[in-house]
Amino acid sequence: MDPSSAKPRCSVPKPCNHLADYKLKYGLAGYDSLQDNFVTGSNGKTIVCTPDRKIPRCFFCDGYRERLYLCLVCSSVSCLDHTLLHSRSDCGNDIAVDVKRSELYCGKCHDQVYDADFDTAVVSKYKKDLIVCRNAFESIGERSSKRRRLSSAIDLDLKKWKELPCIRDQRAKSCYPIGLRGLNNLGNTCFMNSVLQALLHAPPLRNYFLSGRHNRETCPRRSLDGFCLLCDIDIIFSAMFSGDRSPYSPAQFLYSWWQHSANLASYTQQDAHEFFISLLDGIHEKENKLRDTNKDAGDCPCIAHRVFSGLLRSDVTCLTCGFTSTTYDPFMDISLHLDSSHCLSTETTNKGSKLNGSTSISTSTLIGCLDLFTKPEKLGSDQKLHCQNCQEKQDSSKQLSIGRLPLALCLQVKRFEHSFIRKTSRKIDWHLQFPFSLDMSPYLSSSIIRKRLGNRMISFDGDESDVSAEYEIFAVVTHSGMLESGHYVTYLRLRNQWYKCDDAWITEVDEATVRASQCYMTFYVQKMLYHKANEEIGCAPTSSRRDSLMSVVGYC
């Protein structure tokens, strides 16, 4: 095929119109002027400092505790509320920079926006600071042999060493497990980044792509129309596990996903769970097209179903004659209601707040949610089902159980409640306690049926014995903020150490931080696969050679 005749691939999604207008009017002058204001902080993050190096404050309300933004046109610093007012009152002052995150923000779109040129400016400044920091470290080593100048030289350079601690951070980060790398926010895409971080570290899925099971070099789909979701996922795996620590921009993947989910193709905030289901559906669809197969989801050989697909059993029992009809349905995840019957209420004091008093926080448990999910439910009078034995509609009860467990189990908590009568939506802010080790055997069909029949010994013909019921948690996707304007963050558990993945930033956290988070999706994997992966995953190599990644374990 002639390369010139192939459709061009879109490497970066188009920016919003306001950012395009800004660049058309000012070019890259605004980005260049920020070079002296970019500073690598003590945690390795690039932040924006004011020229006088003082603590930035909002020009309008003098506040400094909230997120602050620097206008690229007039250089004024303001909080979010005044940034939005500033973009309305002053024509053309639409684009600002998040001071703490060094990310572009559009006041007209009320959204983060991505620009490759700005990304290049931030990375360029980071590399310059890294070189300066290395030179400072080398100069300390050279002078350390000169004893007469040892004291004064070290005192002088240690001050510079504390101001530019990127070498220390790089050395600490070099011991991070392989694959830990931030993902740039491309414009309110924290929902995508959070789910991608979880999928990238799911042992079965990770091993599939890193072992070359999908070869993008010979993929026929890629050569036909230039777009292949599987190829773009493979590119992300290669980039994330290359050993490079600088944040990665999954722009091409975002554009490829938009081709599959045209109804979600926008820079507005999306639901992380909806994206998760959409992505697995895209993998299933694209892989089956490549194999030219059309099997049912329960027997699908695609990697999405081999990793995440399980079987749900539904028993509907007639309350008149006791006849039970059974159906089976595949599932990719399990959505759970928060259990209010076992809800605990705790009070926290609002210290330092203008409003004195205490706030009541409701707490539920994941075990309670699973108990509620598998609890028998009496169907209403308007839900009477036809009984095959009675040959008429009768009152009945319904009970769900798990007929077959997947290799990786995703449990989603229903935190967003919608009322069709009141036409309102709200977020449920209850705290959820979840275990790091999870035993799913009480929720298997065999256990549920034996319990229903009084724990009598009965034979069971299910296939649930094929997969272990012991799971270990490896990722938690959390949601903070309001329903309309929230933020997604992922916590990863690698080698029994937790890491917080907040878009481009990766930091170590303790277990208490994870347990206190407002979890939205929890990802578990079979205990055997989790421990086996931890045994063989080491620190990231400095080389980007892909053949060094083939030892990742746990594929199906």
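A compact table of results
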| read-out | value |
| --- | --- |
| Any chance Ala475 is in contact with a Phe, Trp or Tyr (Cβ under 9 Å, 6 or more places away or on another chain), at pLDDT below 90 and open to solvent by less than 20 Å² (accessible area, probe 1.4 Å) | no |
| Positions within region 492-519 being under 22 Å from Leu366 (Cβ atoms) and open to solvent by less than 20 Å² (accessible area, probe 1.4 Å), in sequence order | Leu492, Leu494, Trp498, Tyr499, Cys501, Val514, Ser517, Cys519 |
| Counted residues, region 96-121 - those being part of a loop (DSSP other than H, G, I, E, B) and not aromatic (Phe, Trp, Tyr) | 10 |
| Residues being free of Cβ contacts under 8 Å to residues at least 24 places away in the same chain and among the aromatic types (Phe, Trp, Tyr) - total across region 370-386 | 0 |
| Selection count where residues are part of a strand (DSSP E or B) and of a type in the set (A, V, I, L, M), scope region 366-422 | 7 |
| Test: residue in region 177-199 that is in a helix (DSSP H, G or I), at pLDDT below 85 and over 21 Å from Val123 (Cβ atoms) | no |
| Residue check, Asp439 closer than 26 Å to Lys527 by Cβ and either modelled with pLDDT of 95 or more or outside the structural domain of Ile277 (by the TED database) (or both) | yes |
| Leading residue by the ranking (least open to solvent (accessible area, probe 1.4 Å)) among those in region 287-304 that are at pLDDT below 60 and in a loop (DSSP other than H, G, I, E, B) | Thr293 |
| Failed item, numbered, when His110 is tested on (1) under 30 Å from the mean Cα position of the chain (by Cα); (2) under 24 Å from Thr507 (Cβ atoms); (3) modelled with pLDDT under 85 | (2) |
| Residue that is surrounded by the most Cβ atoms within 10 Å (Cβ to Cβ), among those in region 364-420 that are within 30 Å of Leu319 (Cα to Cα) and of a type in the set (Gly, Ala, Ser) | Ser401 |
| Boolean, Pro220 is at pLDDT 90 or above and surrounded by fewer than 23 Cβ atoms within 10 Å (Cβ to Cβ) | no |
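Residues are listed down the side, and each one gets a yes or a no for (1) modelled with pLDDT under 90; (2) farther than 28 Å from Asp299 by Cα; (3) hydrophobic (A, V, I, L, M, F, W, C):
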residue	(1), (2), (3)
Asn455	yes, yes, no
Ser459	yes, no, no
Val509	no, yes, yes
Ala512	no, yes, yes
Asp547	yes, yes, no
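Yes/no per residue for (1) open to solvent by less than 10 Å² (accessible area, probe 1.4 Å); (2) over 17 Å from the mean Cα position of the chain (by Cα); (3) not hydrophobic (A, V, I, L, M, F, W, C):
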| position | (1), (2), (3) |
| --- | --- |
| Arg213 | no, yes, yes |
| Cys231 | yes, yes, no |
| Ser238 | no, yes, yes |
| Pro247 | no, no, yes |
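For every residue, the table says whether it meets (1) touching a Phe, Trp or Tyr at 6+ places or on another chain (Cβ under 7 Å); (2) in contact (Cβ under 8 Å) with a residue 60 or more places away in the chain; (3) not assigned by the TED database to the domain that holds Leu186.
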{"residue": "Asp62", "(1), (2), (3)": "no, no, yes"}
{"residue": "Leu70", "(1), (2), (3)": "no, no, yes"}
{"residue": "Ser76", "(1), (2), (3)": "yes, no, yes"}
{"residue": "Asp90", "(1), (2), (3)": "no, no, yes"}
{"residue": "Asn93", "(1), (2), (3)": "no, no, yes"}
{"residue": "Ala96", "(1), (2), (3)": "yes, no, yes"}
{"residue": "Arg101", "(1), (2), (3)": "no, yes, yes"}
{"residue": "Asp115", "(1), (2), (3)": "no, yes, yes"}
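The values are calculated or read from the model by the stated rules, or taken from the named source; none is laboratory data. In this text, all values refer to a predicted model and were calculated from it rather than measured experimentally. Glycine gets a Cβ as well: all are built from the backbone with ideal geometry, and neighbour counts include every protein chain shown. When the accessible area is computed, the model is the full protein with side chains, heavy atoms only, and any ligands, DNA or RNA have been set aside. Shrake-Rupley method; radii C 1.70, N 1.55, O 1.52, S 1.80 Å.
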